[in-house]
Amino acid sequence: MAFDNESFEEESFAELFAASEKQQETSRIVEGEIVEIQEDENRALVGVGDKLEGIISLDEIRDESGKLKFGTGDKIRVMVMGHYNERPKISYKKVLEQQKTIDFIDANKDDFEDVIIEGIITKKNRGGYVVEADDIVFFMPRSLAAFKDTDEVVGRKIKAQVVKIDEAENSIVVSRRKLFNEERKKKKEIIDKLMQDDTIIEGTIKKITSYGMFVDVGGVDGLVHYNEISYKGPVNPSKLYKDGDVVTVKAISYDKDKRHLSLSIKAVQPDPWAEVESELDEGDTITVTVSNIEKYGVFVDLGNDIEGFLHISEITWDKNVNDPADYLTVGQEIDVEVIEINPKTHKLRVSLKLLLPKPFDEFFKKHNEGDIVKGNVTSLTDFGAFVRIDGVEGLLHNQDVSWDKNVKCKDILKPGDEVEVKIAKINQEDQKISLNRKTLLESPIDKFAATHKVNSVVTGTIRDIKDFGIFVSLEDGVDALIRDEDLSPLVKEELAVGSEIEAAIAVIDTRRDRIRLSVKKLDYIKNQAMLEEINDNESHSLGDLIKDQLK
């Protein structure tokens, strides 16, 4: 008989086993008598004939409760295995083991090739290993061990297959290698059968992990990944199953290199996506149940093992949604519109807001350009502030928040503030609303125009010099422009920011919020005034002369 192409038949089991169990003399079983029990020493003296007494540990003759099975004067069968310090070396346990070995051999000698034992390696020698299982001693030759020989193998728990029984030697040989080969062959047959098309089998869940479940299918373990449990997508297996549950599965792949068998539960079930693809279209309205709420959106159950996804941006027209749980609850039934169906990726997206009235449309029905309304500041940016009015946000630009050009929205407003504004423009096509606050405040130019008229002479400070003219700061924060053509007789290059300048008012345009000055006009006015004064003086002198002549 040959085992896995090894030359085990050429080895003598008797020789190999004798190497590990070498004794000074042949073991023999005799009927002894307990002469004395020494509790303090945890031993008993047993007479074995020829006025010889052997020592046996009391642990060998205790029952499961710890009580002694024998007392002084009782007969007891022991195995004499040699001598130690002139005393016979005896064992009661060895007698029981030998009897168990005999019983094992009698029960399996005619049909032992399918017998598998599970035991502990208790010794090793040059020939192999001694394995003990249920108080029976087995021998496993080194060539049949199928593992690397190290000192750590003693104490190791193994499974092995019986390959030889020798009644004459009262010995049993086992092979771990043969068991592995048999299991590998059996697994290959099972896997080959499983990988056939449409093979469905029941398996038992052995272990549940965060990423799936290990299922025993006919002695082979396969993994059901959490993606392969339900058509809904990844699910937590521990919420649906427990160890020991029986599930129906189908093999979907096998990695020969890694010896990894992949199983699927959902592959056994009808694919609900086929129904979705044939029955639903984008734009359809369906009733769903909220099944799970996350910070980024909501999962909804269609009722046929399919989940759709409602993104946070599709819950409401309000752009400032922080938590979907503020709008929906698990178990709530809602109507949604299908906005995307992708059977290949098994993704279905829905929208709730598309079935709700658009806030802009409602706003457009209620408000017109020029209306004065109140709203709350929702956010501030570098270019202005967004103000919510009746569920719609309008933009209040920096240039429209104050008559002071240096003031920005973030300088005087903060989120949550209530502010009164005028609707400056409603762009229905782009759904944008422009707001204005400064038109509700008194204009500095209106105030200036109440006390000044065209041709009035004013003095201001040069604020800025541009290519086309200079800007002059007047009283009460009013700015005015002097164009290059109105600077004469002054020379622009000789002017400096911060210098005072005198000019006449050329234009006051309150509608467009503009004031223009003119140095040229001031010069003209001054020249005209001087000419009038001269004319007045000349006329007075001529009159006096005429009066004098008439006297």
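Which residues, counting only those in segment 217-227, are closer than 14 Å to ILE200 by Cβ and buried (at least 18 other Cβ atoms within 10 Å of the Cβ)? Show your work before the answer.
So the first thing to find is which residues in segment 217-227 are closer than 14 Å to ILE200 by Cβ, and the list is 217-218, 222, 224.
Correct list: VAL217, GLY222, VAL224.
Those residues that are closer than 30 Å to THR289 by Cβ and surrounded by fewer than 17 Cβ atoms within 10 Å (Cβ to Cβ), I need them from segment 357-391; list them, please.
PRO357, LYS358, ASP361, GLU362, GLY391
Restricted to segment 463-482, and to residues that are under 60 Å from the mean Cα position of the chain (by Cα) and among the hydrophobic types (A, V, I, L, M, F, W, C), which residue is farthest from ASP404 (Cα to Cα)?
Step by step, filter segment 463-482, then rank; the result is ILE465.
Hey, any hits in segment 159-168 for a residue that's modelled with pLDDT under 85, of a type in the set (A, V, I, L, M, F, W, C) and not assigned by TED's automatic domain parsing to the domain that holds LYS256?
Start the filter on segment 159-168 by keeping residues that are modelled with pLDDT under 85, which leaves 167-168.
Retained after the next criterion (residues that are of a type in the set (A, V, I, L, M, F, W, C)): 168.
Among the residues that remain, those that are also not assigned by TED's automatic domain parsing to the domain that holds LYS256 are: 168.
There is at least one residue in segment 159-168 that is modelled with pLDDT under 85, of a type in the set (A, V, I, L, M, F, W, C) and not assigned by TED's automatic domain parsing to the domain that holds LYS256.
Tell me which residues, restricted to segment 236-258, are in a loop (DSSP other than H, G, I, E, B) and within 13 Å of ILE205 (Cα to Cα). Quick ask: steps written out before the conclusion?
So the first thing to find is which residues in segment 236-258 are in a loop (DSSP other than H, G, I, E, B), and the list is 236, 240-245, 256-258.
Hits for segment 236-258 are LEU240, TYR241, LYS242, ASP243, GLY244, ASP245.
Residues are listed down the side, and each one gets a yes or a no for (1) more than 26 Å from the chain's Cα centre (by Cα); (2) outside the structural domain of SER351 (by TED's automatic domain parsing):
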site	(1), (2)
SER253	yes, yes
LYS256	yes, yes
ARG259	yes, yes
SER262	no, yes
TRP273	no, yes
THR287	yes, no
TYR296	no, no
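Inspect segment 496-503 for any residue being modelled with pLDDT of 80 or more and crowded, with 17+ Cβ neighbours inside 10 Å and give the result as yes or no.
yes
Test GLU307 against the criterion of being surrounded by 13 or more Cβ atoms within 10 Å (Cβ to Cβ) and within 22 Å of ASP390 (Cβ to Cβ), and give yes or no.
So GLU307 fails the test.
Per-residue answers, yes or no, for (1) among the basic types (Lys, Arg); (2) over 17 Å from ASN455 (Cβ atoms):
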{"residue": "ASP479", "(1), (2)": "no, yes"}
{"residue": "LEU487", "(1), (2)": "no, yes"}
{"residue": "LEU495", "(1), (2)": "no, yes"}
{"residue": "GLY498", "(1), (2)": "no, yes"}
{"residue": "ALA503", "(1), (2)": "no, no"}
{"residue": "ILE508", "(1), (2)": "no, no"}
{"residue": "ARG516", "(1), (2)": "yes, no"}
{"residue": "ILE525", "(1), (2)": "no, no"}
{"residue": "LEU531", "(1), (2)": "no, no"}
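Is there a residue being buried (at least 19 other Cβ atoms within 10 Å of the Cβ), in contact (Cβ under 8 Å) with a residue 24 or more places away in the chain and within 30 Å of ASP523 (Cα to Cα) anywhere in segment 409-421?
No - not one qualifying residue is present in segment 409-421.
Conditions (1) of a type in the set (Val, Ile, Thr); (2) more than 25 Å from ILE120 (Cβ to Cβ), marked per residue:
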site: ALA160; (1), (2): no, no
site: ARG177; (1), (2): no, no
site: ASN181; (1), (2): no, no
site: LYS193; (1), (2): no, yes
site: THR209; (1), (2): yes, yes
site: VAL224; (1), (2): yes, yes
site: LYS232; (1), (2): no, yes
site: TYR254; (1), (2): no, yes
site: LYS258; (1), (2): no, yes
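Quick one: is LEU354 buried (at least 18 other Cβ atoms within 10 Å of the Cβ) and touching a helix residue (DSSP H, G or I) at 6+ places or on another chain (Cβ under 9 Å)?
no
Given segment 394-488, what strands (runs of 3 or more DSSP E) lie entirely inside it while holding 2 or more residues that are under 14 Å from ARG514 (Cα atoms)?
469-473, 479-483
Of the residues that make up segment 197-218, is at least one in contact with a Gly (Cβ under 9 Å, 6 or more places away or on another chain), modelled with pLDDT under 85 and charged (D, E, K, R)?
no
The values are calculated or read from the model by the stated rules, or taken from the named source; none is laboratory data. All values derive from a computational prediction rather than experimental measurement. A quick note on method: Cβ atoms are made from the backbone with ideal geometry, for glycine too, and the neighbour counts reach across all protein chains shown.
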